[in-house]
Amino acid sequence: MQSENNTNISNITFIGSGISSSFTILHLLDSIEDGADNNKIRINIIDKYNEFHTGIPYGSRSGFSVHLITSLKNFLPEPELSKFIIWLNDNKEWLLEELKKDGGALSTEWISKHAEKIKNNDWEDLFIPRRFFGSYIDQKVKNRLADFRQSVEVTYINGEVVDVDKQDNKYLLSLENGEIILSEKVVVSIGSLPVNHLWKKEDLIEEDHLLFANDPYKPELKETLYKIDKFSERLSDKKLNVLVVGANASGLEIMYKLNDLENIKSRINKFMFLSTQGLLPDAVVDRERKKSFVPFNLQALAEENDLTAKIIADAAYKDLDHADEIHLGAASTVEVVSKAFGGLLGKLNEEELKKFACIYGNDIGRRQRCAGFHYSKTIDDLKDEGRFDHIAGRFSNIIENDNGEYKLEYLDTASGENKMYKEPVHIIVNCIGSTNLTKKDVPSLLKNMIDKGYCKPNDSKIGLEVNDALETVENLHIMGPLLAGNIFEGKAVWHLEHCGRIIWLSQVLSQKLNEYFYKKVN
């Protein structure tokens, strides 16, 4: 099943091979089980990296020792959760060995702290390493495809698709290396948009007194950490300061890994975050106060029928403001607030529901960020040591001083003025998140698709308009995060990096594929 130059027409080509593609393939195989032998299907799976079925979050580019941002039971819905737990029970010994090899002191601490739960196969409340799930889904897809080897022909292609053309009821996919792939249907499942480069255009920039990682996962996190290790070793006579730009999930795991590896941690004087609000995702649930917290503003809309997306969002903001005033964090309020506004969305007409999907859903989500205790404890320990600072502002620039060191210039949130941070910064890791579809740095494939009218960005600026078959145009389907800002089966979708939503929508797409190729509903 290794890739070969192949100009024959395939039935389906998946561009991108992360979990969105993987679950779509699994559901498709399940749906065609009975009729597979009567109708052979040919599938191409293309990925620009030489690793398939995991994507960045769950594969080698993130490493074996970064964790889920939620507990396992909140990450994976049933029935997949139970299937995964059975697999974990059978594979935990080698998984833990890989974690030990990849990780450092904090990884060892995590294993020790949860040893009893792991021994008893009690996984649901753990924030497990993400790579555990990546190994599971990779193995599962390969095993299922092997079961269908007589009825499903799969070709793996390592390359980057840069353009697409529709000709005579088929698509011509142009790879960066000049190869042309022909396909009847195409599923664009390339994950989230690329990261915004903060400074210069290179993914990693190294100066005499500065290491700037614009994309810490390219080519992979392990290599970025190696570069940081060597850079800090070269300047070990200095008091080095690390700045992580963006206090989101990526930012937290970068901070965790910098403290997991003793060689790096011991050489760093101060660890800093720069984020607009100067706040970290919440990790600790106040179980008593959670029971008594009531989202009064959202509840007051329960009897109203003439609602708009803005009215619901404004009520959610007021309830979140109240939670801030009483110092009750998102970990304690996210469930009740989400349930309260989720229950109101059914009262919106399609136009207003679309507005919520495109504009308000992600905005509310940014105020409901939560994280695991292992991540927050890293920050708390640094605070206790007097080695942590959180700057509320936006990155403006870094400026070299007379000593050849660099100072951070940032737009201060409180004053709205540009300020210079008092100490030099030596290592900067960019975790501010992805670009959007209105900017110039979108991938060539998406730019060409938009320019040719094959797809159109919606008002979310991070998603594409699709129909009920998840198509932008006939036989050109979208899966994964690029579905943000759409409505499916009456439900608004704004965050497609959530595994439960990916599983649901991959089922929707797989059924459409099944109906198209097998002319029946299973």
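Summary of values
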item	result
Computed label-point distance, nm, for sites His495 and Lys339 using a 7 Å Cα→Cβ extension	1.7
Segment Lys227-Ile180, length gained on full extension (0.36 nm per residue, minus Cα span)	13.3 nm
Share of Cα-Cα pairs in the stretch 1-153 lying beyond 24 Å, as whole percent	40
Reachable aspartates and glutamates from Lys142, criterion Cα separation under 17 angstrom, eight or more residues apart if same chain	Asp30, Glu33, Asp47, Glu51, Glu80, Glu153
Loop GluC sites (Glu not before Pro), the stretch 277-349, which have at most 16 other Cβ atoms in a 10 Å radius of their Cβ (DSSP)	Glu303, Glu304
Kirkwood hydrodynamic radius over Cα pairs of the stretch 287-366, then Stokes diffusion coefficient at 37 °C and 0.692 mPa s, in µm²/s	257
Within the stretch 338-352: backbone nitrogen closer than 20 Å to the Ala302 label point (7 Å, Cα to C-beta)	338-348
Sparse-neighbourhood loop sites, GluC sites (Glu not before Pro) in the stretch 344-437 - DSSP loop, at most 16 other Cβ within 10 angstrom	Glu385, Glu417
Net lengthening on full extension, Thr70/Asn143 (0.36 nm per residue, minus Cα-Cα)	23.5 nm
Pairwise Lys count, the stretch 287-366 - Cα closer than 20 Å, eight or more residues apart or different chains	16
Solution diffusion estimate, µm²/s, Stokes-Einstein, the stretch 172-244, Kirkwood Rh from C-alpha pairs, 25 °C, viscosity 0.890 mPa s	159
Relative contact order of the stretch 287-366, pairs being alpha-carbon contacts under 8 Å that are 6 or more residues apart, as %	43
FRET E, pair Asn89, Lys238, Förster distance 60 Å, beta-carbon r, rounded to 0.05	0.80
Sites Asp468 and Lys407, calculated FRET efficiency, Cβ-Cβ separation with R0 41 Å, nearest 0.05	0.20
Hull shadow area, averaged, the stretch 375-494 [alpha-carbon convex hull, nm²]	12.1
Cα-Cα pairs of the stretch 66-128 separated by more than 13 Å (percent)	65
Antiparallel bridge percentage (DSSP; both residues within the chain; nearest 5)	45
Among (1) 31.3; (2) 26.1; (3) 29.6, the entry that matches mean projected area of the Cα convex hull in nm² as calculated here	(2)
Rounded, prolate or oblate (a/c below 1.5 giving rounded, otherwise prolate when a/b exceeds b/c) for the stretch 350-431 by Cα gyration tensor	oblate
Low-density loop positions, trypsin sites (Lys or Arg not before Pro), the stretch 87-176 - DSSP coil, at most 11 other Cβ in 10 Å	Arg149
Kirkwood hydrodynamic radius (C-alpha pairs) into Stokes-Einstein, the stretch 379-427, 37 °C and 0.692 mPa s, D in µm²/s	274
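Bear in mind that the values in this text are calculations on the coordinates, not laboratory data. These numbers come from a predicted model, not from an experiment. Cβ coordinates were reconstructed from backbone atoms using ideal geometry, including for glycine residues, and neighbour counts include every protein chain displayed.
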